[in-house]
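I have placed the structure first, in the form of structure tokens, so that the comments after it can refer back to it.
The values are calculated or read from the model by the stated rules, or taken from the named source; none is laboratory data. Quick caveat, the model's predicted, so the values are computed rather than measured. Positions of Cβ are generated from backbone atoms using ideal geometry, with glycine treated the same way; all protein chains shown enter the neighbour counts.
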């Protein structure tokens, strides 16, 4: 009886969309940790684990935002530039004497407006998401450059010490605050995606936009919400970078769109839309962070690290496309038909 209940629970677990991929990549993450731990025992030291988690946190946050957009069947290429815009706006305001909390609020509003613009361009104006967010990526990077007259900012100073402790250096219950911020955002956005009507609508749009429209889903509003979540997450990461360096840098967030896509697709979020869970994004971000950290420990140059991670991203997307296109399923059906024909031929020979 217990075995039957366990089997039933396992079936329910695997029926959750994207759970199979999550379980698979979790085993991969465990193997990576074991390998790097054997190659260099310092990998499992408490200091390195703490720093590793703090490195993973921004990747997870930005991956959450990209996951929302990918599940709708779209993509956000502007996410890295929004990170840079957030970092520069917040730092510039603080160096000009604006209080940290007000600077954070103004920065958040600016980033959310860009998210609304992305949603409007894609959902209302029907621009391809690649083109729309490529344009806003350039706009956001331009804002990051012009906000302080094409210069990186000075140090945000001791007046922003509380800001820096909140977003990076401070600890609560033994964990860095950056980690707690990532956990809090994951809990909130995972609840929205898995337990609310908005989350169901996001999956519906990614699965079949025409069917979702006929079902009464507001395509424009839901798509815009996904882009606003993406912009919000990018804003938070920009604030983390600002707190880390203590200044604003115009190139902050470069290649972070790659980090966001990697965390999502490695964790099983489909680039074709309609599939994936944020638990997978946690694992995807962790794999990215472990690879960066572990390869650094074994002395691999930056170029090799980038090549390895790039290959993993390409393979993840390729597997997703193959599985979603049904090639494996068609192959299985063809094999089944061959077996039926062979069985029938054997029966005829016996007769």
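What to note about this one:
- The single condition from (1) farther than 24 Å from residue 54 by Cα; (2) in contact (Cβ under 8 Å) with a residue 24 or more places away in the chain that residue 213 fails is (2).
- Of all the residues in segment 229-255, those that are surrounded by 22 or more Cβ atoms within 10 Å (Cβ to Cβ) and farther than 26 Å from residue 161 by Cβ number 3.
- Residue under evaluation residue 247, criteria (1) outside any helix (DSSP H, G or I); (2) closer than 28 Å to residue 125 by Cα, criterion not met: (2)
- Residue within segment 168-175 that is under 25 Å from the mean Cα position of the chain (by Cα), under 21 Å from residue 99 (Cβ atoms) and surrounded by 21 or more Cβ atoms within 10 Å (Cβ to Cβ) present: yes
- Where residue 309 falls short, out of the listed (1) closer than 29 Å to residue 190 by Cβ; (2) at pLDDT below 70: (2)
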